[in-house]
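Below is one structure, written out as structure tokens; comments come after it.
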Amino acid sequence: MKGRLNRRDFMSSTAASVGTLAIGAAAPKTVGDRAPIVIASGNGLRAVERAMQLVRGGHDPLDAAIEGVAIVEADPNDHSVGLGGLPNEEGVVELDAAVMHGPTHGGGSVAAIRNIMHPAAVARQVMQRTRHCLLVGEGALDFARAHGFPEVNLLTVEARKIWLRWKETRDANDDWLPEPEDKVAAYVRETLARRITGTIHCSVLDTHGDLGCTTTTSGLAFKIPGRVGDSPILGAGLYLDNEVGSAGSTGLGEANLLNLSSYLVVEGMRRGLSPKDAIMETCKRIATTSVRDPRRRRGDGKTTFNVSFYAVNKKGQYAGGCIYPGGSMAVHDGTSARVIGCDSLYDK
Ligand code: ASP
């Protein structure tokens, strides 16, 4: 893709920024004898590798998850999270993130936060350094500044060009004049050909059998300013119970807000369902409730949108699943890190 940073440029541009262990992470403790598991959404291969390295070194499972997703938050070539995330309809990048910590059943989140590359690490500070669970907008940004998070321009040149093309082509009667089609870069055309979603979720089961998880995102591309999705809402975009398991989601956030879906997955596992069955039961619930609204129902009676789930239980069993096929998840089972396909509720 023209104009993209190569790996070396990327590493040097982000070397200073990935380091979320510096603000709020605990010192490593002794390593236990349980086999650790790290899972993430399909864009999280580097995240599961890094998180596994950290839990093997005795780091807290939540700290490991946050540091893992920080690699993707700092990657300007990933348009779904952090730096390089696609902006809202006014061209401003607004991020949502949440964390949950198994051993303390703690949780924290930030929503519609601007200018901060690592919102998941800010969410950990909300959990640790306030009596609250959720800070939004200006308040979240002030809080991040107070804790020493640097401010950066999150809108990369590539993301700005994608947004500008979207803006210029929305309404033939407004006064924006789009560039001729043949001058438009291929990556701009390709990105705009579909509704852009994307998020990273990561759940970690550590060597003591303790859980931690985070979900971090720039949300739906070109969203209405101030829109908050499922990712920073505990129970919707992620949930865990240290005695049961951990789950998180990507896809159309509104569906998870309306069904408190990640909570449902964990509650399914509490009732004894496998991670796969708990996910499929949740997909079925969403598929059933959502189509009551004709705006969310296709001609064949199925949902107009997709959501994906990733879950790991206390025993270390894990699964990924979606309403429609094509989803993937990253997993590190202690032997190797790889991306595998998710099961789906429907064939098409
Ligand atoms: N769930 C995210 C949101 O609705 C978007 C995504 O996962 O693509 O904000």
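The values are calculated or read from the model by the stated rules, or taken from the named source; none is laboratory data. Since this is a predicted model, take the numbers as computed values, not measurements. Cβ atoms come from the backbone with ideal geometry, glycine included; neighbour counts cover every protein chain shown. Heads up: the accessible areas ignore ligands, DNA and RNA and are worked out on the full protein's heavy atoms, side chains in. Shrake-Rupley method; radii C 1.70, N 1.55, O 1.52, S 1.80 Å.
Some observations on this one:
- Being more than 23 Å from the chain's Cα centre (by Cα) and of a type in the set (Asp, Glu) holds for only one residue in Asp206, Asp142, Asp174, Asp210, and it is Asp174.
- Flag for Ile23 being open to solvent by 10 Å² or more (accessible area, probe 1.4 Å) and in contact with a His (Cβ under 9 Å, 6 or more places away or on another chain): yes
- Among the residues of the stretch 188-211, some residue qualifies, meaning at least one is part of a strand (DSSP E or B), of a type in the set (Val, Ile, Thr) and away from the ligand (no atom under 13 Å from the Cβ).
- Output for the stretch 292-316, where each listed residue is out of contact with any His (no Cβ under 8 Å at 6 or more places or on another chain) and either in a strand (DSSP E or B) or closer than 12 Å to Ser203 by Cβ (or both): Arg297, Thr303, Val307, Ser308, Phe309, Ala311, Val312, Asn313, Lys314, Gly316
- Residue count for the stretch 231-261 satisfying the condition of being part of a loop (DSSP other than H, G, I, E, B) and open to solvent by less than 10 Å² (accessible area, probe 1.4 Å): 5.
- Scan of the stretch 321-348 for residues that are touching a residue at least 60 places away in the same chain (Cβ under 8 Å), closer than 22 Å to Arg34 by Cα and among the small types (Gly, Ala, Ser), ordered by number: Ala330, Gly334, Ala337
- From Leu258, Leu252, Leu238, residue being more than 10 Å from the ligand (Cβ to nearest atom) and within 16 Å of Phe305 (Cβ to Cβ): Leu258
- Subset of the stretch 109-157 [open to solvent by 50 Å² or more (accessible area, probe 1.4 Å), touching a residue at least 60 places away in the same chain (Cβ under 8 Å) and among the basic types (Lys, Arg)]: Arg129
- In this structure, Asn173 does not satisfy being polar (S, T, N, Q) and in contact (Cβ under 8 Å) with a residue 12 or more places away in the chain.
- Check on Arg160, of a type in the set (Lys, Arg), in contact (Cβ under 8 Å) with a residue 60 or more places away in the chain and at negative phi: yes
- Pro76 meets the conditions (1) within 21 Å of the chain's Cα centre (by Cα); (2) closer than 19 Å to Pro232 by Cβ; (3) in contact (Cβ under 8 Å) with a residue 24 or more places away in the chain in every case but one. The failed one is (2).
- Of all residue pairs spaced 6 or more apart or on separate chains, those with beta-carbon atoms under 6 Å, a first member in the stretch 263-282 that is over 14 Å from Tyr318 (Cα atoms) and a second member that is crowded, with 23+ Cβ neighbours inside 10 Å and polar (S, T, N, Q) are Leu264/Thr282; Thr282/Ser261.
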